[in-house]
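Trainee: Handing you a structure now.
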Amino acid sequence: MSKSDDFILETRGLTKEFKGFTAVSEVDLRIRRHTIHALIGPNGAGKTTVFNLLTKFLIPTRGSIAFNGRDITNAKPAEISRMGVVRSFQISAVFPHMTARENVRVALQRKLGTSFHFWRSEKTLHKLNDRADELLGMVGLERFCDAMVGDLPYGRKRALEIATTLALEPEMMLLDEPTQGMGREDVELITQLIRKVSKNRTILMVEHNLGVVSTLCDQITVLQRGAVLTEGTYAEVSADPRVKEAYMGKAA
Amino acid sequence: MSDVIENHDIGGQHVSEHIEELRIQDLHAFYGESHALHGIDMKVYQGELVTLLGRNGSGRTTTLRSIMGLIGHRTGSIMLKGEEVIHATPHSIAHLGVGYCPEERGIFSRLSVEENLMLPPRVADGGMSVEELYEMFPNLAERRRSQGTRLSGGEQQMLAMARILRTGANILLLDEITEGLAPVIVDKLGEVLLELKTRGYTVVLVEQNFRFAAPLADRHFVMDHGKIVATIKADELESKQHIFDQYLSV
Amino acid sequence: EISDGVVKIGLLTDMSGTYSDVAGPGTITAAEMAIEEFGGTVAGAPIELVSADHQNKADISANKARQWGDTEKVDAFAELVTTSVAMAVFEVAKQQNKIALVSGAASSPLTNDACIPTGLHWTYNTRALGVGTGSAVVAEGGDSWFFLTADYAFGEALQGDVSKVVEAAGGKVLGSVKHPFPASDFSSFMLQAQASGAKVIGLANAGGDTINAIKAAKEFGIVEAGQKIAGLLVFLSDVHALGLDTAQGLQMTVSFYWDMNDETREWSKRFFEKTGKMPTGIQAGTYSAVRHYLKAIEATGSDDTDTVLAKMREMPVEDMFANGGVLRTDGRMVHDMYLAEVKSPADSSGPWDYLKIVRTIPGEEAFGPLSESTCPTK
Amino acid sequence: MLTDLLGFPPQVLFGQLLLGLINGAFYAVLSLGLAVIFGLLNIVNFAHGALYMLGAFATLGLTQYLGIGYWGALIFAPLIVGAIGVGLERVLLRRLSGIDHLYGLLLTFGLALVIEGTFVKLFGASGIPYPTPEALQGGVNLGFMFLPFYRGWVVVASLAVCVATWYLFERTKIGAYLRAGTENPRLLQAFGVNVPLLTTLAYGYGVALAAFAGVLAAPITQVNPLMGSNLIIVVFAVVVIGGMGSIMGAVVTGLSMGVIEGLTKVFWPEASSTVIFVVMAIVLVLRPAGLFGKPA
Amino acid sequence: MNKFLGYLIVLAIALAAPLFIYPVFLMKLLCFALFASAFNLILGYGGLLSFGHAAFFGGAAYISGHALKVWGLPTELGILVGALSAGVLGLAIGTLAIRRQGIYFAMITLAMAQMAYFVFISSPFTGGENGLQGVPRGMALGMIDLTNDRSMYYFVLAICLAGFLLIARAVHSPFGQVLSAIRDNEDRARSLGYDIERYKLLAFVLSATLAGLAGATKTVVFQLASLTDAHWHMSGEVVLMTLLGGLGTIAGPAVGAGIIVTLQNYLASGPLAAWVPVVLGVIFVACVLSFRRGVVGELREFLRRSF
Ligand SMILES: Nc1ncnc2c1ncn2[C@@H]1O[C@H](COP(=O)(O)OP(=O)(O)OP(=O)(O)O)[C@@H](O)[C@H]1O
Ligand SMILES: Nc1ncnc2c1ncn2[C@@H]1O[C@H](COP(=O)(O)OP(=O)(O)OP(=O)(O)O)[C@@H](O)[C@H]1O
Ligand SMILES: [Mg+2]
Ligand SMILES: [Mg+2]
């Protein structure tokens, strides 16, 4: 257990200002290895912005970010992803004109190091098929390996997206509202999936569905107006009157 | 399974004088070659709040878009306030007093928050004033000068809703308006909808969040595969639980 | 002995561009008139004329000529206005050993460095223009020049030839500006010319470009301010387009004018009936070249290139265009040129009565002696 | 730098600057029309040059066949060409709504070929002269150069049109509709705005602006079927520098590119036709959305 | 197997064609087919509309023309030099343009190509408006005389086949997979750790090099290089060929090029000569309005639907 005691991701004084408007201010976030960590808070609290800072889609105005003890404040998005931090998008992000297997293979093939080889045959990628199918099986898409992804229903696309993300064998996954826009049954599916993949992995997610948060998350950080309001387990956090007032309302 | 509801079936007290605001008959809609709606029949009365429930892809959004005239190819009949609009253009439909809040929010990135708010032309009297709206959604007031799409996801959702409340439209087609909103704001929206109902607004609500929709709605239409498979009145929720289980869960 | 049983002439010209008025469809009519004179057959074989629009582009011309020669049994190429076109077709004619009758292009290099054994340069060249207009203008005191030059081989050749004449006569060339081909707005170039302070602004361009340049000069009051415009290659059709009001007093060197003698008047009248326009030198020259080519075939009974070429050189060119013209071994057809001046509206009796011939420039003076030619195969 | 400047007589410098400004006025009006069209239809209107040419031909036709002179043509030619634009939009461009914007560029490219090709066939490529209107003949000596009245008029008329357009599109509600309509026309229509009409009128207006420039150009450049074919590329560059769809950007950039081109003609004449593209490359590296464009 | 047979038949036709058809015309057709296929690599498979490909086609034409005529390089080497310099030019233009998408990308490439055009028009080595004329065809492998049209044809056929094969391979390679992923969803590809700019740039440079190969070969065939090759109309024409044949299909661009070149050739000698641009324009409009998949694309769709 000693291994899971350390922090995989730490931010210090993380701040982002947009033209005089401070969206994130002085956030110190510490995410423990192999936990599911949720970021919640009112609309406009800065959750997505924090995400974008962590994945380098935005450059912080101030502050630092460390991943596995390494400073990644100035890294590029692709670099972060190669280091093992992968995000999923608020909307589903797949390659619609490719089959499900090809979708996953695109993620797998980077490791072969032949991605610039335009003179090599595609067949050299076939050796990745088994691994791709295995990943698809993990998210319940074994029947859809050869289906064009554009035609899949929404919930399946999200599942595929997670399979693709898993292909990168990320140490850490960032999920922005993974259940958004989903019906009840899909929410169930994704919740289970997240639990399944969280083994030996760290997950940071933004989620407004408190049901999902309460069943999945080990640790919760509440943001408000760009700053950390409080932190703790679901029970702790939901008992906090400030959180109730600013965020949960009657739901808590 | 009764698709067509006769007048005497209506139980809701809020329904004023049983004026038909919206009547849809045998509506079919197509995306290119794919057939999305397979003959929808429904009626909504003035002052009523109804929901469209169903799984992802069951055709709820398509129904709203069809009413708005946003689906290129559709057949059947859609009567709005007594007018046939199946062949009408979206802008003339809007001017019958219909407000539409799309699933994808549709905030314009090239307009500021305030411009977004002011954009839709007034289609009837009695819309809310900008002050009222800013009071309801303080986030928007704070960010009024910033670019529309720079808002957070939830703020955009607020803007999309506020935008049509300004226009005076009294038939509201609302698609997943609680999506991405913090629970406190969802509570507030619920209050707003109740208030609108008392003012005689007619609301068609597409919702995933059944907990939100249940206490507000007079009736629920359950959709599956492009059809309405069940109609459930507010007071039948418990007795017809099996229908929800059949069509809404796994 | 006529190859393939037909004498076929391929005429390449600018059908719709800058040079379509000075050459263009009129050259086809002129060539047809020459063919008509033979009754459509020569040495027992029918004469055929094919034509194409080269859009003033070298590549189109070369491709067309090559295809004509390879697949359509064309025996000779005619007209070839604009130097770049003529040079491109020369390349093909050399490979295919076919005669190229140049009547449109003007550059003197065509019978000097760029010459080919089978390339014949008929109507005029830039040297003759320099000798004619250049020396006339210098003689009147225009001894400092600034050139507006079309940015391709022809413009360069014209500027070069005129500069030589100007400098030889003791004048000075102060500078030049190259303008794109074709250009529509000359105002900026005119301002540069004006700023140079030269007494004479020489227009080393042709057709539509010359017309536009002259108009810009008028608009910006260049002439009122005391500078003189010298159009170095002006055609009758240009004068017609400009109107006598604008063009009066302009000096120009021409190879042909319709109103010189009965013969020219009679031919030009027939040409006018067909086209509604009086012929330019290029058009008359096309007639003369095609006619002479056919005469040689008639005389030898063969369309073999070398045989015909020898005969063409042997016979003097005798028609309404050239009086005792001589075809030299460098390809130059030497004939008299004329210095003309545009009449004032008062002097003109009506449309097309535009020019007054001031001086006849003997062929030898206009084109120089053969010894001057740098053609390696002369 | 100053000594460099002094190396050139002021006549050259100011003269070319002024001419540059006049050319800039054409760039401004043309790029304004493009910006309007791009702003609402999201179409890069490759046919703009051809429609500009149609404006000039309409002027010529009105004068030759209907006896309507220059001043009448100034009103009627844009109307006629605008009506043609309305027709093109209704019949052709409309069918592209909802598909990749690049198809709009390709369609209008084809249209340009058709229109220009037809006119070359009918009228030749060499151009037909159009006289300067009586009232504007002659000019005034500014000391450093002789300014023909007509060229002065071109600048004044263009600026007036630009300002009026800017006001219409940036200071009225129409402006907001236009910007919103670019992004999501269907939704705007669902709000009750007659987007199809707005689109048609915007295209008609943009095209009418092109025709207006064509009328202004007729006495200067002659009426030539290909007069717009190379100009259009330069105007594209102007629009890109200014920021696609930005009205202000189009006008300011149009004028300043004219001036920069004029300056280049003094210092390095050969580069004058390239300088705009160089500026464009630099701007795009430093400010990818253009000088006045908002980043996407 | 079926496919293999198809290829054999096409090859047989290509080998026999010069016995029946004017070889120079066939060579022109091949060069443009290669040009369009190269262009398709960036538009059809990379999703980027370049409106400046004439710069590569024309640039290579000039440089290989110069290399052959002035430096006297052997034919193969001259063509190679032309193609490679188009690649270098592609690298320069691509580096600037690749960061932008859609219409911006089109406009930037157009502008850059326009700059290249002005360089060509004003450099002495290109001959400006006159063009670079009299390029020698030389010998293939130092022994086959290329002034003979037939031998020249087989030489060109070999070059173009090599080009086509390379393109087909690139499309179905690990690189091609990433490229189509990028075309489908750029952000996602980036989040998977791909440096998408570099992939697009490589595709652009490849496309430019092969377009250059086509231009250089054409110079040798016609023995001249001219501004027409570098003019923006040429950039438009290659878009038309690709669109007409079928975007993103292997055979489409070649078919499109075949149709356009044949049409131009046929029209140019008939009474419709002056209408060539109009006809091309009409095809353009028709394609965009009702034929967006192109000949090959529509055919494939038709076969898919009816079988
Ligand atoms: N690019 C930007 N420019 C200016 N302001 C921005 C930008 N992005 C976000 N903001 C502002 O920063 C604040 C935080 O936004 P963020 O998207 O992080 O919120 P959030 O916590 O994800 O909210 P939600 O739950 O609604 O998605 C918001 O008020 C938003 O308007
Ligand atoms: N633009 C489109 N093109 C083609 N098919 C579409 C399109 N939009 C929706 N569909 C299809 O139409 C059917 C109904 O979709 P609709 O969006 O109405 O469902 P919904 O019930 O609103 O679900 P959701 O929860 O996803 O919003 C689905 O099968 C969907 O795949
Ligand atoms: Mg968010
Ligand atoms: Mg013969």
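Trainee: Which is farthest toward the positive dipole end of the stretch C:188-338 among C:GLN194, C:GLY208, C:ILE297, measuring Cα position about the Cα centre, with Cβ charges +1 (Lys, Arg) and -1 (Asp, Glu)?
Mentor: C:GLN194
Trainee: Using r as the Cβ-Cβ distance of D:PHE123 and A:TYR154, and R0 as 60 Å, what FRET efficiency do you calculate, to the nearest 0.05? Mind dumping the intermediate values first?
Mentor: Numbers: r = 58 Å, r/R0 = 0.97.
The value I calculate is 0.55.
Trainee: In the stretch E:22-231, with Lys and Arg counted as +1 and Asp and Glu as -1 at Cβ, which of these residues, E:LEU227, E:TYR62, E:ALA92, has the Cα nearest the positive end of the dipole, that is, farthest along it?
Mentor: It is E:ALA92, whose Cα lies furthest towards the positive end.
Trainee: Let me ask something additional. For chain C, what is the relative contact order in percent, using Cα pairs closer than 8 Å and at least 6 residues apart in sequence? Numbers along the way, then the final one.
Mentor: Working: 829 pairs, mean separation 72.9, N = 378.
Reported as a whole number, the value is 19 percent.
Trainee: Distance in nm between label sites at B:GLN246 and A:THR99, each 7 Å beyond Cα in the beta-carbon direction?
Mentor: 3.7 nm
Trainee: Quick check on chain D: helices-only [θ] at 222 nm, where DSSP H runs of length 4 and up contribute -39,500 (n - 2.57) each and the sum goes over total residues. Nearest 500, please. Intermediate results must be reported in sequence, preceding the final value.
Mentor: Numbers: 12 runs with 212 residues, N = 296.
For chain D, the value works out to -24000 deg cm²/dmol.
Trainee: If exposed means no more than 13 neighbouring beta carbons inside 10 Å and the site is in a DSSP loop, what's the longest run of chain B without any exposed trypsin sites (Lys or Arg not before Pro)?
Mentor: Numbers: sites that count: B:ARG122, B:ARG145, B:ARG199.
By the stated rule (loop sites, at most 13 other Cβ atoms within 10 Å), B:1-121.
Trainee: Averaged across the residues of B:59-69, what count of C-beta atoms belonging to other chains lies within 10 Å of each residue's C-beta? Provide the component values of the computation, followed by the final result.
Mentor: Numbers: counts 0, 0, 0, 0, 0, 1, 2, 0, 0, 5, 3.
Average per residue, whole number: 1.
Trainee: Mind checking the dipole of chain C: about its Cα centre, +1 per Lys or Arg Cβ, -1 per Asp or Glu Cβ, Debye to the nearest 20? Each step should come with its number before you reach the end.
Mentor: Working: 30 positive and 48 negative charges, 124 e Å.
For this selection, approximately 600 debye.
Trainee: With the crude spin-label approximation of a point 7 Å out along Cα→Cβ, what separation in nm comes out for E:GLU301 versus B:ARG199?
Mentor: Reported label-point gap for E:GLU301 and B:ARG199 is 4.7 nm.
Trainee: Which chymotrypsin sites (Phe, Trp or Tyr not before Pro) in the stretch C:79-150 sit in a loop by DSSP (not H, G, I, E or B) and have at most 15 other Cβ atoms within 10 Å of their own Cβ? Provide the component values of the computation, followed by the final result.
Mentor: Working: sites: C:PHE90, C:TRP122, C:TYR124, C:TRP145, C:PHE146, C:PHE147; in loops: C:TRP122, C:TYR124.
Here no loop site has a sparse enough neighbourhood.
Trainee: Still on this structure, I have one more. For chain E, what's the relative contact order in percent, using C-alpha pairs closer than 8 Å and at least 6 residues apart?
Mentor: Values: 502 pairs, mean separation 98.7, N = 307.
Relative contact order for chain E comes out at 32 percent.
Trainee: First check a/c for chain D, with a ≥ b ≥ c the square roots of the eigenvalues of its C-alpha gyration tensor; if it is under 1.5, answer rounded, and if not, answer prolate when a/b is larger than b/c or oblate otherwise.
Mentor: Numbers: a/c = 1.81, a/b = 1.26, b/c = 1.44.
Verdict is oblate for chain D.
Trainee: For C:ASP14, what charge total do you get from the other residues with a beta carbon under 12 Å from its beta carbon, if Lys and Arg give +1 and Asp and Glu give -1?
Mentor: On the way: positive: C:LYS57; negative: C:ASP21, C:ASP53, C:GLU79.
Net charge around C:ASP14: -2.
Trainee: So, one more: Counting partner chain Cβ atoms within 10 Å of every residue's Cβ in A:175-187, what's the average? Working shown, then result.
Mentor: Numbers: counts 0, 1, 4, 0, 1, 5, 7, 4, 11, 10, 5, 4, 1.
Taking all residues of A:175-187 together, the mean is 4.
Trainee: Can you give the helix-only mean residue ellipticity at 222 nm for chain A, where every DSSP H stretch with n ≥ 4 adds -39500 (n - 2.57) and the sum goes over all residues, rounded to the nearest 500 deg cm²/dmol? Walk me through the intermediate numbers first.
Mentor: Working: 8 runs with 76 residues, N = 252.
Here the helix-only value at 222 nm equals -8500 deg cm²/dmol.
Trainee: Taking 0.36 nm per residue of sequence separation and subtracting the Cα-Cα distance, how much length would be gained by fully extending the chain between E:ALA286 and E:LEU165, in nm to one decimal? Kindly include the intermediate steps, with their values, before the conclusion.
Mentor: On the way: separation 121, 0.36 × 121 = 43.56 nm, distance 3.05 nm.
Here the answer is 40.5 nm.
Trainee: From the gyration tensor of the Cα coordinates in the stretch C:247-378, what semi-axes in whole Å does the equivalent ellipsoid have, largest first, with each one equal to sqrt(5λ)? Walk me through the numbers before you get to the answer.
Mentor: Working: eigenvalues 186, 76, 20 Å².
Listed largest to smallest, the semi-axes of the stretch C:247-378 are 31, 19, 10 Å.
Trainee: How high is the relative contact order of chain D, in percent, counting Cα pairs under 8 Å that sit 6 or more residues apart? Don't jump to the answer; show the numbers that get you there.
Mentor: Numbers: 457 pairs, mean separation 111.6, N = 296.
Once divided by the residue count of chain D, the mean separation gives 38 percent.
Trainee: Once the Cα atoms of helix C:153-168 and of chain C are each reduced to a long axis, what angle between those two axes, in degrees from 0 to 90 to the nearest 10, is obtained?
Mentor: Its long axis makes an angle of about 60 degrees.
Trainee: Modelling each spin label as a point 7 Å along the Cα-to-Cβ direction, I'd like the C:SER349/D:LEU136 distance in nm, to one decimal.
Mentor: Result: 4.1 nm between the two label points.
Trainee: Say R0 is 35 Å: what FRET efficiency, to the nearest 0.05, do B:HIS38 and B:ASP235 get from their beta-carbon distance?
Mentor: On the way: r = 29 Å, r/R0 = 0.83.
E(calc), rounded to 0.05, equals 0.75.
Trainee: What is the stretch C:166-253 by shape, rounded, prolate or oblate, if you read a ≥ b ≥ c off the alpha carbon gyration tensor as root eigenvalues and call it rounded for a/c under 1.5, prolate for a/b larger than b/c, and oblate otherwise?
Mentor: Values: a/c = 1.40, a/b = 1.25, b/c = 1.12.
In terms of gyration-tensor shape, rounded.
Trainee: What percent antiparallel are the DSSP beta bridges of chain B, to the nearest 5? Working shown, then result.
Mentor: Values: 25 of 43 bridges.
Taking every DSSP beta bridge within chain B, about 60 percent pair in antiparallel fashion.
Trainee: Just to check I understand the Karplus step: with θ = phi - 60° and J = 6.51 cos²θ - 1.76 cosθ + 1.60, what whole-Hz values come out for the stretch C:245-259, glycine and proline as x?
Mentor: So the J values, rounded to whole Hz, are 3, 7, 8, 4, x, 4, 9, 8, 9, 10, 8, 6, 9, 5, 9.
Trainee: Next question, about the same structure. Would you pull out the residues with amide H under 5 Å of C:GLY202's amide H, same chain only if 5 or more places away, H placed 1.01 Å from N?
Mentor: C:PHE146, C:PHE147, C:LEU148, C:ALA230
Trainee: OK, next. Restricting attention to the stretch B:33-120, which GluC sites (Glu not before Pro) occupy a DSSP loop and are surrounded by at most 15 other Cβ atoms within 10 Å?
Mentor: Details: sites: B:GLU33, B:GLU48, B:GLU83, B:GLU84, B:GLU103, B:GLU104, B:GLU114, B:GLU115; in loops: B:GLU33, B:GLU48, B:GLU103, B:GLU104.
Within the stretch B:33-120, the qualifying GluC sites (Glu not before Pro) (loop, at most 15 other Cβ atoms within 10 Å) are B:GLU33, B:GLU104.
Trainee: Sticking with this one: Looking at the square roots a ≥ b ≥ c of the eigenvalues of the Cα gyration tensor of the stretch E:96-174, which shape do they give, rounded for a/c under 1.5, prolate if a/b is larger than b/c, or oblate? Kindly include the intermediate steps, with their values, before the conclusion.
Mentor: Working: a/c = 3.90, a/b = 1.26, b/c = 3.08.
Oblate shape, in that a/c is at least 1.5 and b/c is the bigger or equal ratio.
Trainee: Which value in deg cm²/dmol, rounded to the nearest 500, describes the helix-derived mean residue ellipticity at 222 nm for chain E, given -39,500 (n - 2.57) per DSSP H run of n ≥ 4 and division by the residue count?
Mentor: Value at 222 nm, helices only, nearest 500: -24500 deg cm²/dmol.
Trainee: About the Cα centre of the stretch A:133-252, how large is the charge dipole given +1 on each Lys and Arg Cβ and -1 on each Asp and Glu Cβ? Please answer in debye to the nearest 20.
Mentor: Working: 13 positive and 19 negative charges, 76 e Å.
With only Lys, Arg, Asp and Glu charged at Cβ, the dipole is about 360 debye.
Trainee: Rounded to the nearest 0.05, what FRET efficiency is calculated for D:ALA271 and E:ARG99 with R0 set to 30 Å and r the Cβ-Cβ distance? List each step's numbers first, then the result.
Mentor: Details: r = 26 Å, r/R0 = 0.85.
It comes out at approximately 0.70.
Trainee: Holding the Cα-Cα limit at 31 Å, pick out from C:LYS64/C:LYS356; A:LYS19/B:LYS197; A:LYS56/A:LYS157; C:LYS57/C:LYS274; C:LYS73/C:LYS311 the pairs that are longer than that.
Mentor: On the way: C:LYS64/C:LYS356 40 Å; A:LYS19/B:LYS197 40 Å; A:LYS56/A:LYS157 25 Å; C:LYS57/C:LYS274 28 Å; C:LYS73/C:LYS311 21 Å.
Beyond 31 Å between Cα atoms: C:LYS64/C:LYS356; A:LYS19/B:LYS197.
Trainee: Same structure again: In sequence order, what are the phi-derived ³J(HN,Hα) couplings for the stretch B:182-194 according to the Karplus relation 6.51 cos²θ - 1.76 cosθ + 1.60 with θ = phi - 60°, rounded to whole Hz, with x for glycine and proline?
Mentor: Karplus values, whole Hz, x for Gly and Pro: 5, x, 4, 6, 4, 4, 5, 4, x, 4, 4, 5, 4.
Trainee: Suppose every K and R has +1 on its Cβ and every D and E has -1 on its Cβ; what is the size of the dipole of the stretch D:14-286 about the Cα centre, in Debye to the nearest 20?
Mentor: Working: 10 positive and 8 negative charges, 87 e Å.
Roughly 420 debye for the stretch D:14-286.
Taken together, the values in this text are just the output of simple stated rules run on the coordinates, not laboratory data. The model shown is predicted, which means the values in this text are computed figures rather than measured ones. Because the Cβ atoms are built from the backbone with ideal geometry, glycine has one as well, and the counts that use them run over all protein chains shown.
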